[in-house]
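> Questions regarding the structure given below will be posed in turn.
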Amino acid sequence: VLYEAALREGAKVRFSAEVQALDELEQQALVTTSEGDELFDLFIIADGAASRLRTASGLAGTSSAYRWGALWGQFWVPEWTASDLLLQRYRGTSQMMGLMPTEVTERGVRLSLFWSLRRDRHAEWREAPIDEWTANARALWPEAEPVLAQIQSHDDVAFAVYRHSWPRTAGRPPYVLVGDSLHAASPQLGLGTTLAVQDALALVHCVHQAGPAEGVRAYEQARLQPARVYQTLSRVLTPCFQGDRLGLVRDVAFAVGRRVPGVPWAMKRSIAY
Ligand SMILES: Cc1cc2nc3c(=O)[nH]c(=O)nc-3n(C[C@H](O)[C@H](O)[C@H](O)COP(=O)(O)OP(=O)(O)OC[C@H]3O[C@@H](n4cnc5c(N)ncnc54)[C@H](O)[C@@H]3O)c2cc1C
């Protein structure tokens, strides 16, 4: 949807043009890609949670990888009753399996599968027979069989590392950060994409109003604080979803919290942002 909208607006899209180096020349960004050097009044860095370009531009704050990541993959199933719901199954906080509908067509439903896994256990998981893991997942969630039956080898799922960054700045002309390169966080609250789109909309607005240099400063005013608030929330809540303990604390806190006036609203608000 976004790609087609961008084309309609006249954007030129180039694939496989990796940005290799960033420099500055007379207050413009000098960008080296596999296709050569180009100058830009403003260069938007959007290379994701493990961004290398935020370091190359001198905008990086501190960043670290979470102890827990996830196995994930996408699978078509012909039928799925909850085609508009993200469903998750937990055993404490150390086992979590999620199935999220990502596309619904006449072919069926494309489900994204997530399974929490500690980074230091990934090698061990790869060495064990895949059937051991699918049996474990099946025991947690028997109705997930249409997905689990498709997993025959370790290579049918990828391993995602989750990162958290503490942004120092949202930009300094001629560079600006958007999306995960600005505010990488664990995806437990499911807000990364929403925030990335909000960044893009705010940046367009600020640059239209004030031009590339002043626009970046206005963008920073608009986006840095909300990004930090969200990231703090994400950091605090992530151990309730993935960790070696806290399952009981989470269950009690959420069960009690749901009955406290204002808390259900705040929970929905944090997800809907
Ligand atoms: C397993 C998992 C589950 C998630 N679930 C959800 C969810 O349910 N809801 C949600 O909102 N968010 C979720 N997220 C987070 C979401 O995916 C991110 O917040 C979102 O993709 C950030 O978008 P982005 O454009 O900033 O970065 P990315 O989507 O990471 O895009 C970065 C792009 O930059 C490209 N790139 C990198 N380096 C270079 C370079 N040097 N030159 C050129 N291109 C480069 C990459 O190829 C990539 O295409 C999840 C993340 C993970 C890992």
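> Could you sort 86-95, 46-55, 162-171 so that the peptide with the highest average Cβ count within 10 Å comes first and the rest follow in order?
Ranking the peptides 86-95, 46-55, 162-171 by packing returns 162-171, 46-55, 86-95.
> Could I ask something else about it? So for the pair T102, A200, with labels modelled 7 Å out along Cα→Cβ, what separation do we get in nm?
Label at T102, label at A200, 1.7 nm between them.
> Compute the acute angle (0 to 90°) between the alpha-carbon long axis of helix 130-140 and the principal axis of greatest extent of the alpha-carbon atoms of the chain; round to the nearest 10°.
80 degrees
> I need the semi-axes of the equivalent ellipsoid of the stretch 1-141: take the C-alpha gyration tensor, multiply each eigenvalue by 5, square-root it, list largest first in whole angstrom.
39, 23, 13
> Normalised by the empirical 2.2 N^0.38 Å for globular proteins, what value does the Cα Rg of the chain take?
Against the compact-globule rule of thumb, the ratio is 1.14.
> Here is a further query. Quick check of the Kirkwood formula: for the stretch 168-237, what is the inverse mean of 1/r over all pairs of different Cα atoms, in Å?
Taking the inverse mean of 1/r over all distinct Cα pairs, the stretch 168-237 comes out at 12.1 Å.
> Under a Cβ-only charge scheme (Lys and Arg +1, Asp and Glu -1), can you give me the dipole magnitude of the stretch 25-183 about the Cα centre, in debye to the nearest 20?
Using Cβ point charges on Lys, Arg, Asp and Glu, the stretch 25-183 gives about 800 debye.
> Now a separate question. Provide the packing ranking of 249-256, 133-140, i.e. peptides ordered by the mean count of other C-beta atoms within 10 Å per residue, highest first.
133-140, 249-256
> A further question follows. May I ask you to order 70-77, 146-153, 173-180 by the average number of other C-beta atoms within 10 Å around their residues, highest value first?
Descending mean neighbour count gives 173-180, 70-77, 146-153.
> Suppose every Lys and Arg Cβ carries +1 and every Asp and Glu Cβ carries -1, with no other charges. What dipole size does the chain come out with about its Cα centre, to the nearest 20 debye?
So the magnitude is around 1380 debye.
> Here's a follow-up. Taking the inverse of the average 1/r across all pairs of different Cα atoms in the stretch 142-273, what Kirkwood radius in Å do you get?
The answer is 17.4 Å.
> For an R0 of 35 angstrom, estimate the FRET efficiency from the Cβ-Cβ distance between S112 and F40 and round to the nearest 0.05.
0.55
> Okay, moving on. At 1.4 Å probe size, with the rest of the protein present, what percent of the exposed accessible area of the chain is carbon and sulfur atoms?
Roughly 56 percent of what the probe reaches on the chain is carbon or sulfur.
> Here's another thing I want to ask about it. What is the dipole size for the stretch 1-113, taken about its Cα centre, with +1 at each Lys and Arg Cβ and -1 at each Asp and Glu Cβ, in debye to the nearest 20?
Taking the Cα centre of the stretch 1-113 as origin, the dipole is about 840 debye.
> Which residues in the stretch 108-130 have a backbone N closer than 20 Å to a point placed 7 Å from the Cα of Q152 along the Cα-to-Cβ line?
Answer for the stretch 108-130: 111, 113, 126-130.
> May I pose another question? Which GluC sites (Glu not before Pro) in the stretch 47-130 sit in a loop by DSSP (not H, G, I, E or B) and have at most 10 other Cβ atoms within 10 Å of their own Cβ?
Sites meeting the loop and neighbour criteria: E79, E106.
The values are calculated or read from the model by the stated rules, or taken from the named source; none is laboratory data. Please read these numbers as outputs of a predicted model, since none were measured by experiment. Every residue, glycine among them, receives a Cβ derived from its backbone with ideal geometry; neighbour counts consider all protein chains shown. When the accessible area is computed, the model is the full protein with side chains, heavy atoms only, and any ligands, DNA or RNA have been set aside. Shrake-Rupley method; radii C 1.70, N 1.55, O 1.52, S 1.80 Å.
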